[in-house]
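Structure first, commentary second.
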Amino acid sequence: MDLLNTLVDKGLRREPPTREEALAVLDTSDDDLLDVVAAAGKVRRHWFGRRVKLNYLVNLKSGLCPEDCSYCSQRLGSKADILKYTWLKPDEASKAAAAGVAGGAKRVCLVASGRGPTDRDVDRVSDTIKTIKDQNEGVEVCACLGLLSDGQAERLRAAGADAYNHNLNTSEATYGDITSTHTYADRVDTVHKAHDAGLSACSGLIAGMGESDEDLVDVVFSLRALDPDSVPVNFLIPFEGTPLAKEWNLTPQRCLRILAMVRFVCPDVEVRLAGGREVHLRTMQPLALHLANSIFLGDYLTSEGQAGRADLEMIADAGFEVEGADRVTLPEHRAASGGCGSHEDAGCGSHEDGAGCGSHEGVGCGSHRDDAGCGSHEGAGLCDSAAVPPVSEPRTDLVAVRRRGAGTDLAPNA
């Protein structure tokens, strides 16, 4: 396939595809899907080998957000039954972080719901960052606190933060359809603030919100222009109680094509397989490891992910290896100062406004859960084969969104 040969050649040279070529990747047929994955996999392996970086979310403050992001279970007016609590104390957050580090996570992602931090919040998070770093040697810390005001990124950097995440989520043209309480330009400004402060900038997208192929290509090219070190790719979980609760638009094949397109546009960047992978990729998750070089371990913010042990087994079974703390994530030309990031010895990061470190609210659902739907264990019946929809249609019957500890005082990822 001439298109794929061209895209591989460009990816190995760090040359972006044209918009037309990126759109053509999204338009490939299911018959060509494995060829697409194999081609993008060559680019991924060239820059990142067979390493998979593990990241771990700690939700510092959950729920009651004043913003109205349509995808978010913590949004203003959300009726989702989720955990709601105020700030975790530094020792509590460090204890939660240690569980992820023990499982092999290289980076801890500190997330707090809300429009953006107050100066007092920055002080609070700074204390948490210092505690985590004191108690977990060598761990990277990324903050995701929403829109930043002047000087706040510098203060987080001084406290020891390696990275800051704020996702663009969707194209500028459609952003107003998703959120009205802040603008696309506000998000871009926060990414610039993080970048300018010497933090490793991380910014990504959410696919499956009803956007067009053109919107997906637009946001990925916009991300490339921002030059983040990491690009988390989230797949919408239509969380009950949110405006997008009925938006089931994704198939595993569609998700793989999106990941391949992102890899071709951002060949030498940490592409993170983020929220929603368990729900939408399901048994095809191992194929996604040929495209993304980074994943989240375990649970997300307000929903359960795949069990951490299952993540580690999947990585090993697919022939990949967990990236150790002694390895630099990014290619040498991006990590010239010796850190995992590319800006003034910064780390590499990921996060977003209350939507998680590179993940959106309410993402994740493990197939090992007892109510995981058709085909799950513990009393689940067999599917009626006559009722199985064509492969080109989303399979909403296969999943149930599992809220994390709703109705309990369970801390995030504890």
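Readers should treat all values here as calculations from the given coordinates under stated rules, not as data from a laboratory. This one's a predicted model, so the numbers in the text were calculated from it and none came from an experiment. Note that each Cβ is placed from the backbone with ideal geometry, even for glycine, and that neighbours are counted across all protein chains shown.
So how do 62-73, 23-34 stack up, highest first, on mean other-Cβ count within 10 Å? Working shown, then result.
Details: 62-73: 22.3, 23-34: 15.3.
Packing proxy ranking, top to bottom: 62-73, 23-34.
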Q: Report the extension gain between Ala102 and Asp35 in nm, rounded to one decimal, defined as 0.36 nm multiplied by the number of residues separating them, less their alpha carbon distance.
A: 20.5 nm
Q: Take the alpha carbon atoms of segment 19-77, find their center, do the same for segment 232-297, and report the distance between the two centers in whole angstrom.
A: 4 Å
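Expected output is a single nm value to one decimal: the length gained when fully extending between Glu332 and Asp68, i.e. 0.36 nm times separation in residues minus the C-alpha distance. What is it?
Details: separation 264, 0.36 × 264 = 95.04 nm, distance 3.99 nm.
Gain in length upon complete extension: 91.0 nm.
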Q.
Under a crude label model (7 Å from the Cα following the beta-carbon direction), how far is Glu214 from Gln135 in nanometres?
A. 5.1 nm
Q) So what are the ³J(HN,Hα) numbers for segment 254-262, from phi and the Karplus equation (6.51, -1.76, 1.60; θ = phi - 60°), rounded to whole Hz, Gly and Pro as x? A) 4, 4, 5, 5, 5, 4, 5, 4, 4
Q: At 7 Å along the Cα-to-beta-carbon direction for both Thr118 and Arg19, put a label point, then send me their distance in nm to one decimal.
A: 4.4 nm
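Can you tell me the relative contact order of segment 43-322? Whole percent, Cα pairs under 8 Å, sequence separation 6 or more. Kindly include the intermediate steps, with their values, before the conclusion.
On the way: 564 pairs, mean separation 62.1, N = 280.
Once divided by the residue count of segment 43-322, the mean separation gives 22 percent.
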Q | Coarse-grained scattering of segment 43-322 at q = 0.12, 0.14, 0.16 Å⁻¹, given as base-10 log I(q)/I(0) from a Debye sum over alpha-carbon atoms | A | -0.70, -1.00, -1.39
Q | Long-range lysine pairs (8 or more apart or interchain), segment 43-322, Cα under 17 Å | A | 12
